[in-house]
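Input: a single structure, listed below in structure tokens.
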Amino acid sequence: MRRLAAICALSALVGPACAQSGELAQDANEPRGLGFFSGDYERAQFVQPRFEAEPFIWYVAPGGDVGVQGSPLLLTADLNIDDPNIGGGAEIHLHQGKWRFSLLGSVAGQQGGSVAQNAVNFGALAVAPGDSLHTEFDMTTFGLRVGYRFWEFAVDPDESGTPMIRSSLEAVAGLRAYDYSLSVERVSGAGGRAEGDMFQIEPIVGMKWSIEFDEQFAIDLATNLGYIPEISNQSSSSLDITAGFRYMPTPSVAAQIGYRLLVYDLASDDVETEGALAGLYGGVTLSF
């Protein structure tokens, strides 16, 4: 009788403990809250909008050397055309699965007055020290690109259906075209003008990396290289680097700000330029 009572008492003590242990084991097998930085995450489908339009304003400053009609290259600072000026442009993107098809364009230009410090010939225009000059340049760029997203990552959405973080890498290839013009006018004495323009197209290759947090904040880094050897006295090479930040108060509208640097070396019979365009840009992204 005493032995039976002891067994019953032991069963009463061990039973709840076993049940609690079973509950703990069951809880351990249940999915826990996601946390990217703790390494406890699951992959989710990477979702992109179908269409994107990105108009922007570019506060851009030129730099480097310019020349016209075979003249020696002069610094943009000596010609007083190196101050920042308002430019701009737009980008249009179509996403199809992992592919992105883009059409891009931007405009920049500057004009300024200066006084010649040395004698120089701009083609048929002979400039003497002390001559007053007015210089103006304009550059329009166009781009047609294809991108392929070869790596992507997205954290499993939280309770509200929002992934805490997602990121992607994209390989880019395409064409970039330049429409460039430069004019130098002597506004003192007998006057006179020398001018030239060129239109060039070069192939480009590059990469783009983007990372997005909570579908509200994003960072984009993109770079590409362009090159074409000398053909019929024309040649070009370029390096384009863009770093941007986006804030998305709604899924279809975002505000963006960033910095763009376009380094180039363009040459033709009429005009030549070795320099860069650089400055802050700001705009909006409209997604559909």
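Can you name every residue in region 176-195 that is modelled with pLDDT of 90 or more, over 18 Å from Ile81 (Cβ atoms) and out of contact with any Gly (no Cβ under 6 Å at 6 or more places or on another chain)?
Scanning region 176-195 gives Ala177, Gly192.
Tell me whether region 178-200 contains one or more residues that are more than 30 Å from Val68 (Cα to Cα), crowded, with 17+ Cβ neighbours inside 10 Å and out of contact with any Pro (no Cβ under 6 Å at 6 or more places or on another chain).
no
If only one of Leu74, Leu104, Leu125 is in contact with a strand residue (DSSP E or B) (Cβ under 8 Å, 6 or more places away or on another chain), farther than 18 Å from Thr273 by Cα, surrounded by 14 or more Cβ atoms within 10 Å (Cβ to Cβ) and at pLDDT below 95, which one is it?
Leu125
Could you check, for region 225-248, whether at least one of its residues is among the small types (Gly, Ala, Ser) and at pLDDT below 90?
Yes, because at least one residue in region 225-248 is among the small types (Gly, Ala, Ser) and at pLDDT below 90.
Determine, yes or no, whether Phe150 is hydrophobic (A, V, I, L, M, F, W, C) and closer than 26 Å to Leu73 by Cβ.
So Phe150 does not fit the description; no.
Let's see how each residue does on (1) out of contact with any Lys or Arg (no Cβ under 6 Å at 6 or more places or on another chain); (2) more than 17 Å from Gly64 (Cα to Cα); (3) part of a strand (DSSP E or B); (4) not hydrophobic (A, V, I, L, M, F, W, C):
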| residue | (1), (2), (3), (4) |
| --- | --- |
| Ser238 | yes, no, yes, yes |
| Gly244 | yes, yes, yes, yes |
| Pro249 | yes, yes, yes, yes |
| Gln256 | no, yes, yes, yes |
| Val263 | yes, no, yes, no |
| Leu266 | yes, no, yes, no |
| Asp269 | yes, yes, no, yes |
| Ala278 | yes, no, yes, no |
| Tyr281 | no, yes, yes, yes |
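The values are calculated or read from the model by the stated rules, or taken from the named source; none is laboratory data. Predicted, not measured: the structure shown is a model, and the values here were computed from it. In this analysis, Cβ positions are derived from the backbone assuming ideal geometry, glycine residues included, and neighbour counts consider all displayed protein chains.
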